[in-house]
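Just so you know, all these numbers are worked out from the coordinates, no wet-lab data involved. Quantities reported herein were computed from a predicted structural model and do not represent experimental measurements. Note: ideal-geometry Cβ built from the backbone for every residue, glycine included; neighbour counts use all protein chains shown.
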Amino acid sequence: MRKLPALVLLALLAACKPAADKPAADDRPPVVPDVPEAKLDGPAAASLSVALDGAGLRFIDKTSGKASLLAFGTPRKQAEEALARVAGVVDDRSDNDECGAGPMQFSRFDAMTLNFQDDKFVGWFLGDEAGAEFYSTVSGIGIGTTRAKASASATVVDQKDSTLGEEFSLGTGDAAIGGMFAEPGQDAKIEALFAGANCFFR
């Protein structure tokens with residue numbers, strides 16, 4: 001019976017032992033989304049490059065330098081097949097009935113999205129995402145290009161009072177390419193480029 005108080009004391013000490021610290025919710029490592037790797041694995045990827053154009057997308061033969069334009073107005077099936085020859089299989093198709101330009105459908109190839117209305121190619125949008133490095137204008141302007149560098153090879157026109165932020169255009173008129181800088185200043189980098197009809201709300 002003399003051992004009983006010692007056993008009780010051990011039990012009490014065990015009960016008072018603080019529990020191991022659990023990581024707070026904010027201390028847990030972030031969950032990284034499963035984003036597919038950017039690809040340029042279409043059957044013609046080795047021989048063709050894709051240049052951004054205000055009238056569509058321009059496919060350039062890497063050997064001869066010859067170019068052909070995938071123009072706005074091209075049927076959707078033909079436009080998708082043309083880009084798939086370079087960019088690989090389409091990643092996603094979606095639609096939005098409430099775009100400022102009217103109902104629109106989209107086909108996304110990594111960072112590049114083709115826009116469609118009435119089953120016709122009407123615009124494109126290039127975001128700052130994996131795969132954006134595969135696209136640029138013929139003068140080399142693409143995602144990540146600074147304002148200073150873009151201005152050295154093209155006319156950069158700021159869109160005053162734009163609701164989209166630091167919006168600008170490369171060139172003027174119907175063939176201009178639109179874009180957005182990440183911030184003001186000459187060192188600001190391009191974070192989006194687009195042409196034709198897009199799903200913007202101004």
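When only alpha carbons are used to place a centre, segment 60-83 and segment 113-165 end up 18 Å from one another. Label-to-label distance for K189 and A152 is 1.7 nm, based on points extended 7 Å past Cα in the beta-carbon direction.
Once the Cα-Cα distance is subtracted from the 0.36 nm per residue extended length, the S64 to R85 segment shows a gain of 5.8 nm. When the pairs K62/K160; K77/K189; K39/K160; K120/K149; K39/K77; K77/K160 are compared against a 32 Å limit on Cα-Cα distance, K62/K160; K77/K189; K39/K160; K120/K149; K77/K160 fall above it. Packing, as the average of other Cβ atoms within 10 Å across residues, places the peptides 100-107, 125-132 in the order 125-132, 100-107, highest first.
The value of relative contact order for segment 48-196, using C-alpha pairs under 8 Å at least six residues apart, is 21 percent. Ranked from largest, the principal axis spans of the Cα set of segment 48-196 equal 43, 40, 29 Å.
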